[in-house]
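See below for the structure under consideration.
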Amino acid sequence: MDLTKLTIASARKALDAKEYSALDLTKAYIDQISQKDAALHAYLEVWEKSAKDEAKRADARIAAGEALSLTGIPLAIKDNILIEGRAASSASKILENYRAPYDATVIERMKQEDAVFLGRTNMDEFAMGSSTENSAYGPTRNPIDTARIPGGSSGGSAAAVAAHMALAALGSDTGGSIRQPAAHTGLVGLKPTYGAVSRYGLMAMGSSLDQIGPLTKTVDDSKLLFEAIRGYDASDSTSLKESAKDFKKPRVIGVPRAFLESGVDADLLTVFEKTLGALREKGYEIRDIDMPTLPYGLAVYYVVMPAEASTNLARFDGIRYGLSEPAPTIGEVYAKTRGKGFGPEVRRRILVGTFVLSAGYADAYYRKARAVRAGITREFADAFQSVDAIAVPTTPAPAFKFGEKTSDPLAMYAEDIFSVPVNLAGVPAISVPCGHVARESSQLPIGFQIIAEHGREETLFAIGKDVEAA
Amino acid sequence: MTNPDVDVAALAKLARLDVSDDEISKLKQEIPHILEFVATLQKASAGSDGGETSLRNVMRADENPHESGKYTKVLLEAAPARDGNRVLVKQVVSRKK
C-alpha cells in the first residue's frame, strides 16, 4: 500500500477486497506517525493500542461483509471534539487533565461505522488562531515547508493528513479553521452549512459560527466523510432537520471582484484566475458580481466571535472540571484559574468580547455587528438568485513563517478575510488545491474557495471535482 | 466613532481573569488597535435599518433528559474538589464586611 496515494475511497476498495487488513493499514499509519511526527508535532496524543483494537473490530466487520464507508479507516480528530474516556484539551492548559465524559455526535456516528481513531491533533488554543502558534503545547509544522505554519486552527489535523499520518481528519471551522489549513497544506477542507453537522460534543468557541468538517486529500473523500457525520441531532439546538437541497448542475460562478482588491498576493491571484479560466473552458460561466458588504466581514467577525467566545469560556472557572487554582475566596479561584489556564490570545479575545458586550458599547459594537452580519447574509442570498456558486481565494497569501505575525494580532486576523463571511452567513464552502506559488525554495499550495447556498454541499463537490481535474 | 479609552484592568475584573501588570500595559496598546479596526463596520450601510436574521427559541420539555445518576460518577470525577456526591464550592456569600 502506498500511503501517499491512498484515499478513503481507494482504501475502502482494498479493505473490502482483502488486499490488506484494517490492522495492517492502522499499523502503517502508526509507523508513519512514529517516523515523522517528532519533527511535525501534528498529534498531541497517539492512541496506538486502542487504534489497533478498533482496527481488529473493523476487520471482523469487513470479514462479515458488513463494512460501511468508514469501517477500518484511520482518522485523526481535532483536540476540541470529545471522545468518551479520552483526554480532550482544546490545546489549552486549563483542560490539560480533562477527560471527555461522553462522545460527540460525530464520534458516535463514526464509532457506529467502526472507524479507527489514531489520535487527537494539535490546534490553536480553543480554536483561536490561524497558525497553531497559539497551542499551549507548541506549534505544528507544515509538512511542505517546516519553516512555515500549517495554518490553523485545525493545523494539526491538516499536517497529519498532508504528511500521510492519517487518511483523513476532522477539524472545526469558526472563521476558516478547516479551509485555511487545508489551503496551506494542499488538502481539501469543507465547512458545511451551519446546522448540517451536529456541534454536540464540540467545545464551543463562537456558537453561531462553529461547524465540524472534514480535511481530506480529495473532494470525493470530503463528500464521503461529510455524509458519514451529517444529519439532524436533537442534542444540538441549531441542528437542521433537512439541510440538503436537491442537486442541480452548477453552471454560473460569481466572482466578487471588488472584494479581491482587499490585498491578495499577485502570484496567488494569477493562480486563482488561471483556475477560473480552466472552469470557463469546462463550460462554466464566470460572472463578476457586486457584494459591497463582504469587506466588512472581518470587522463583524472580530466583534461577534470574541463576544460569543468570552461567553462560552465563562464555564472554565476551576469549579466543575479542568484546572483549579487554590485561593481564599471563590472570586479569586475563578480569576487565578482563568489567568493561569488560558493563553495570551484567549485572554485577549475574552477581554475584547467583554468590552464589546459591556454596557455603553454593546450598541455601537455588538448590535451593529449583528446588523451588518444580517446584511452580509442577505447579500449572499441575493447573489445566489443569479449565480450557483461564488469563488474567492481561501487565503490572501500562502503559508507564512513562524513568528511572522505573532506580534501583530490584526495581521494574523487578516488571514481570515476571505473565509469569515461564509461563517457569518452560515453557508457552506470548500477549499480545493488549485496550484502553487514559489516562496524561497518552496512550492506552496494555494486554495480555491467555492461558496454555495445553504444546503448545497453537492454544488461544492461538483465544482470542486472540476477544480481538482483542472 | 472615536476610539474609547479602554480600562483593561476593569475589563479583566469583569471577565474574572487575572492579568499581569506587564500584560495589561501591552493590552492597553493592542485592544484599542483591534477596536479601531472593528469600528470600521460603522461605515457599512448594510444593517443600518437594524434588520437582523430571524431567531427562534429552541425549548425542550422541563423533564429529566436521561435517567437520574447516569453521569454522576464521571462528572464528579472531573471536579477539582468534591465532598461525597457533591462538587465542593467555596462559600459564595460571606457575612464579613
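The values are calculated or read from the model by the stated rules, or taken from the named source; none is laboratory data. Remember, it's a predicted structure, so these values are computed and weren't measured experimentally. Quick reminder, even Gly has a Cβ in these numbers, built from the backbone with ideal geometry, and neighbours come from all protein chains shown. Accessible surface areas use protein heavy atoms only, side chains included; no ligands, DNA or RNA. Shrake-Rupley method; radii C 1.70, N 1.55, O 1.52, S 1.80 Å.
According to a simple spin-label model (label point 7 Å from Cα along Cα-to-Cβ), what is the distance in nm between A:Ser69 and A:Arg378?
With each label placed 7 Å out from Cα toward Cβ, I get 3.7 nm.
List the residues of the range A:401-431 that lose 30 Å² or more of accessible area once all protein chains are present, compared with their chain alone (1.4 Å probe, heavy atoms only, no ligands or nucleic acids).
So the qualifying set is A:Leu410.
In Å², rounded to the nearest 100, what is the total accessible surface buried by chains B and A against each other with a 1.4 Å probe?
Details: alone 9860 and 17530 Å², together 23170 Å².
Summed over both sides, the interface buries about 4200 Å².
How would you classify the range A:151-195 from its alpha-carbon gyration tensor, with a ≥ b ≥ c the square roots of the eigenvalues: rounded for a/c under 1.5, else prolate if a/b is greater than b/c, otherwise oblate?
Numbers: a/c = 2.08, a/b = 1.65, b/c = 1.26.
The shape class here is prolate.
Would you mind checking the pairs A:Lys217/A:Lys405; A:Lys282/A:Lys405; A:Lys340/B:Lys70 and listing those with alpha carbons more than 30 angstrom apart? Mind dumping the intermediate values first?
On the way: A:Lys217/A:Lys405 28 Å; A:Lys282/A:Lys405 39 Å; A:Lys340/B:Lys70 32 Å.
Where the Cα-Cα span goes over 30 Å, the pairs concerned are A:Lys282/A:Lys405; A:Lys340/B:Lys70.
Could you work out how much longer the chain between A:Lys340 and A:Arg367 gets when fully extended? Use 0.36 nm per residue separation minus the Cα distance between them, nm to one decimal. Kindly include the intermediate steps, with their values, before the conclusion.
Numbers: separation 27, 0.36 × 27 = 9.72 nm, distance 3.15 nm.
Fully extending the segment from A:Lys340 to A:Arg367 adds 6.6 nm.
Can you give the accessible area per residue of the protein assembly as shown, in Å², using a 1.4 Å probe? All intermediate terms of the calculation are to be shown ahead of the outcome.
Details: 23170 Å² over 567 residues.
Result: 41 Å² of accessible area for each residue.
From the backbone phi of the range A:21-30, what are the Karplus-calculated ³J(HN,Hα) couplings (6.51 cos²θ - 1.76 cosθ + 1.60, θ = phi - 60°) in whole Hz, Gly and Pro given as x?
Ordered by residue, 3J(HN,Hα) equals 8, 4, 5, 4, 5, 4, 4, 4, 6, 4 Hz.
Compute, for the range A:8-229, the length of the dipole vector about the Cα centre, with Cβ point charges of +1 (Lys, Arg) and -1 (Asp, Glu) only. Units Debye, rounded to 20.
Numbers: 24 positive and 27 negative charges, 21 e Å.
Approximately 100 debye in magnitude.
Among A:Ala389, A:Gly435, A:Pro306, whose Cα lies farthest out toward the positive end of the dipole of chain A, if unit charges sit on the beta carbon of Lys, Arg (+1) and Asp, Glu (-1)?
It is A:Pro306.
Lys/Arg Cβ at +1, Asp/Glu Cβ at -1, dipole of the protein assembly as shown taken about the Cα centre: which of A:His454, A:Gly85, A:Leu15 is farthest positive-ward?
A:Gly85
At 1.4 Å probe size, with the rest of the protein present, what percent of the exposed accessible area of the protein assembly as shown is carbon and sulfur atoms?
Values: 11360 of 23170 Å².
Answer for the protein assembly as shown is 49 percent, counting heavy atoms of protein chains only.
For the pair B:Ser20 and B:Asn57, what calculated FRET efficiency results from E = 1/(1 + (r/R0)^6), where r is the Cβ-Cβ distance and R0 = 41 Å, to the nearest 0.05? Write out the running numbers ahead of the final one.
Numbers: r = 42 Å, r/R0 = 1.01.
Step by step, r from the Cβ atoms, then E = 0.50.
Applying 1/(1 + (r/R0)^6) with R0 = 56 Å to the Cβ-Cβ distance of A:Phe247 and B:Arg95, what FRET efficiency is obtained, to the nearest 0.05?
On the way: r = 68 Å, r/R0 = 1.21.
That pair, A:Phe247 with B:Arg95, gives E of 0.25.
Using +1 on the beta carbon of Lys and Arg, -1 on that of Asp and Glu, and nothing else charged, what's the dipole of the range A:291-356 about the Cα centre, debye to 20?
Numbers: 8 positive and 5 negative charges, 19 e Å.
Charge dipole, the range A:291-356, about its Cα centre: 100 debye, nearest 20.
7 Å from Cα along Cα→Cβ at both B:Asp7 and A:Ala60: what's the point-to-point distance in nm?
6.4 nm
Quick check: with the 1.4 Å probe, what order do A:His454, A:His184, B:His33, A:His164 take by accessible area, largest first?
Working: A:His454 75, A:His184 0, B:His33 100, A:His164 35 Å².
Final ranking, largest accessible area leading: B:His33, A:His454, A:His164, A:His184.
Run the numbers on the range A:46-110 and let me know its relative contact order in percent, using alpha-carbon pairs under 8 Å that are six or more apart.
Working: 59 pairs, mean separation 14.2, N = 65.
So the answer I get is 22 percent.
Run the quick spin-label model on A:Lys49 and A:Asp408: label points 7 Å from Cα toward the beta carbon, then report their separation in nm to one decimal.
5.0 nm
Round to the nearest 0.05 the FRET efficiency obtained for A:Asp16 and A:Ile286 when R0 = 51 Å and r is the Cβ-Cβ distance. Spell out each step's value before the answer.
Numbers: r = 40 Å, r/R0 = 0.79.
The calculated FRET efficiency here is 0.80.
About its Cα centre, how strong a charge dipole does the protein assembly as shown have in debye, to the nearest 20, once Lys and Arg get +1 and Asp and Glu get -1 at the Cβ?
On the way: 69 positive and 74 negative charges, 232 e Å.
That gives a dipole near 1120 debye.
With no solvent and one point on each alpha carbon, what is the Debye value of log10 I(q)/I(0) for the protein assembly as shown at q = 0.06, 0.09, 0.10, 0.12 Å⁻¹?
-0.29, -0.66, -0.82, -1.20
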